[in-house]
Amino acid sequence: MNNSNFEPLKSYSDVEIQLGSTTLKRGFANMVKHGVVMDVTNPTQAGIAEDAGAVAVMVLDQLPADIRGRGGVARMASAEAIKEVMEVISIPVMAKCRIGHTQEAYLLQELGVDMIDESEVLTPANDASHVWKWPFTIPFVNGCRDLGEAIRRIEEGSAMIRTKGEAGTGDVSEAIRHMRLVNKGIRDVVAAKDNPEELLILARDMKVSYESALKVAELGRLPVVNFAAGGIATPADAAMMMRMKCDGVFVGSGIYKSQDPENRATAIVYATTYWNNPDKVLEAQSMVNENLAMPGLGISRMDNEDKIQHRGSNL
Amino acid sequence: MLKIGILGLQGAIEEHENALLSASKALNVPISLIRLLNPEDLEGIHGIVIPGGESSAMILIGNKTGMLQAVKNKIESGTPAFGTCAGAILLSKRVRRTLNSEVSEGAFPVVDIEILRNGYGRQRDSFSTVINIEDKPFEAIFIRAPIINTVSNHVEILSLYQDKAVIIQQGNILVSTFHPELSNDNLIHRKFLQIIGNFVSPNNDNYK
């Protein structure tokens, strides 16, 4: 059967098929778990990512480190660049739209990307709200800095969550902080599970519904897949995030801003899979040379207004 | 106690663990689970689950540690195996990356079928539908699923969708192109536990 003439209609037992359901959108995210999604800007980089064992690629016009350096307005990647990448690799292709830019998101859906990242790395298009994601037939991933932000995005229809970290820095400390806050938030709601008054206070503090907080309390985790992102640059960084109970990692500038992208990509994948085997993580870390890592940008001296993580609506 | 290993390189690992535990409860058959990451994890395993995920990623990672070869040996020696989606691709004798590409062998080429990766298309073509298995309706969830194009005559087709086999059995090997681990029905995982049970103790009626 040819993809282009696939018709969503009746078939075996005359049962209609369902497209774009929440199960299918969250299910897609389930399939990339324990894997690495890599930022790429062209088909060559996409090929390297696929050959290194990436589970998906994220297409951008420029890597976050360059967006940070260049300034100006960062928008959705050009359609042509996304199409070129989709043609050369067989793993899923994701792309970013600006926060709150519903139209860019519809363009990406029309292009046929497998997942949309509504990303603070691009210049936010709407400082009041995010895209209402439920009507889309393809899944979204959104960034978060704590549990409340994660749940607010899920309430808007996001099918996957990632930490924001601080993109384009090579400094993993913010990703660690955000993941710690998500985990702490989960512990708090779990502890309040049988105490509605306390749970309601937590929910209101987080600006989320009581039902959503209860759902997380019952599951003991987010109801969707949760990756780490923002500043991951080495195999040890990736393994660290897996140790913090992330379901997988996104690596942005860390690979192609280094001088050993092939080795580094392979090594980060390896360390993500084998994070709990110290000998294997050491082996992965030994595949890369710290002198070839991206130079990086320390978080501690950065002004708050220069931080990408604070961009977009706080609600 | 049946000891079941889930290939732990990448993908929907936890979902299979949960489905197996639920099937074990329903059948009252005790099981223990282990994630298969290193060749020594295969010690004493009675059955292997190969989850959905990205088959290319699993192959690249598994080749580095000798894990693929070890799992291949284990399955070729007769150990029951159950592959879903990417797992189905890995278990196929003939794999096509695209409609026009050459046919190559899966990583554990035991099932006599030809399978096409991402046969229905991209994520926007992912779908769910109700299929008929053993005269019961089952919610089948297809995510960037492969299509089984040809099936040899010693493979038993358990259900079809649009005239293509979507779940098949060949001896101790069970293969589905959809994701039973994402449904709320443990029917197919119960079936796999029965296959393992019969393999371990053929005369035990508990597994019938």
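The values are calculated or read from the model by the stated rules, or taken from the named source; none is laboratory data. What you see is a predicted model; the values in this text were computed from it and never measured. With ideal geometry, Cβ positions are generated from the backbone for all residues, glycine too; neighbour counts draw on all protein chains shown. With ligands, DNA and RNA removed, areas are computed over all heavy atoms of the protein, side chains included. Shrake-Rupley method; radii C 1.70, N 1.55, O 1.52, S 1.80 Å.
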### Query
If a residue has to be crowded, with 23+ Cβ neighbours inside 10 Å, hydrophobic (A, V, I, L, M, F, W, C), in a loop (DSSP other than H, G, I, E, B) and within 14 Å of chain B (Cβ to nearest Cβ) to count, how many in the range A:109-145 make the cut?
2
#### Entry: Qualifying position, being part of a helix (DSSP H, G or I), more than 20 Å from the chain's Cα centre (by Cα) and in contact (Cβ under 8 Å) with a residue 40 or more places away in the chain, among A:Val281, A:Val269
A:Val281
### Task
Scan the range A:55-108 for residues that are within 13 Å of chain B (Cβ to nearest Cβ), out of contact with any Gly (no Cβ under 9 Å at 6 or more places or on another chain) and open to solvent by 50 Å² or more (accessible area, probe 1.4 Å) and report the count.
2
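Residue by residue through the range B:61-78, note down the ones that are in a helix (DSSP H, G or I) and either away from chain A (no Cβ under 14 Å) or open to solvent by 50 Å² or more (accessible area, probe 1.4 Å) (or both).
B:Asn63, B:Lys64, B:Gln69, B:Ala70, B:Val71, B:Lys72, B:Asn73, B:Lys74, B:Ile75, B:Glu76
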### Task
Determine if the range A:22-40 includes at least one residue that is part of a loop (DSSP other than H, G, I, E, B), more than 7 Å from every other protein chain (Cβ to nearest Cβ) and open to solvent by 20 Å² or more (accessible area, probe 1.4 Å).
no
### A:Ala213 being closer than 27 Å to A:Phe28 by Cβ, assigned to a helix (DSSP H, G or I) and either open to solvent by less than 30 Å² (accessible area, probe 1.4 Å) or aliphatic (A, V, I, L, M) (or both)
yes
### Message
Please go through (1) at pLDDT 95 or above; (2) out of contact with any Pro (no Cβ under 8 Å at 6 or more places or on another chain); (3) among the basic types (Lys, Arg) for A:Arg68 and return the number of the only condition it doesn't satisfy.
### Response
(1)
### Query
When you scan the range B:96-208 for strands (runs of 3 or more DSSP E) that lie fully inside it, which ones turn up with 1 or more residues that are crowded, with 18+ Cβ neighbours inside 10 Å and within 11 Å of chain A (Cβ to nearest Cβ)?
B:111-116, B:127-133, B:136-142, B:147-151, B:156-161, B:164-170
### Message
Of everything in the range B:17-37, what is open to solvent by 10 Å² or more (accessible area, probe 1.4 Å) and part of a helix (DSSP H, G or I)? Give them in sequence order.
### Response
B:Glu17, B:Asn18, B:Ala19, B:Leu21, B:Ser22, B:Ser24, B:Lys25, B:Ala26, B:Leu27
### Message
Consider the range B:1-16. How many of its residues are out of contact with any Leu (no Cβ under 7 Å at 6 or more places or on another chain), part of a helix (DSSP H, G or I) and either of a type in the set (Phe, Trp, Tyr) or open to solvent by less than 40 Å² (accessible area, probe 1.4 Å) (or both)?
### Response
2
## Note on the structure
Scanning the range B:38-58 for residues that are surrounded by fewer than 18 Cβ atoms within 10 Å (Cβ to Cβ) and out of contact with any strand residue (DSSP E or B) (no Cβ under 8 Å at 6 or more places or on another chain), the one farthest from the other protein chains (Cβ to nearest Cβ) turns out to be B:Glu43
### Query
Name the pairs: first residue in the range B:151-162 and more than 13 Å from B:Ile113 (Cβ to Cβ), second residue modelled with pLDDT under 95 and open to solvent by 60 Å² or more (accessible area, probe 1.4 Å), Cβ to Cβ under 7 Å, at least 6 apart or on different chains?
B:Leu160/A:Tyr12; B:Tyr161/A:Tyr12; B:Gln162/A:Tyr12
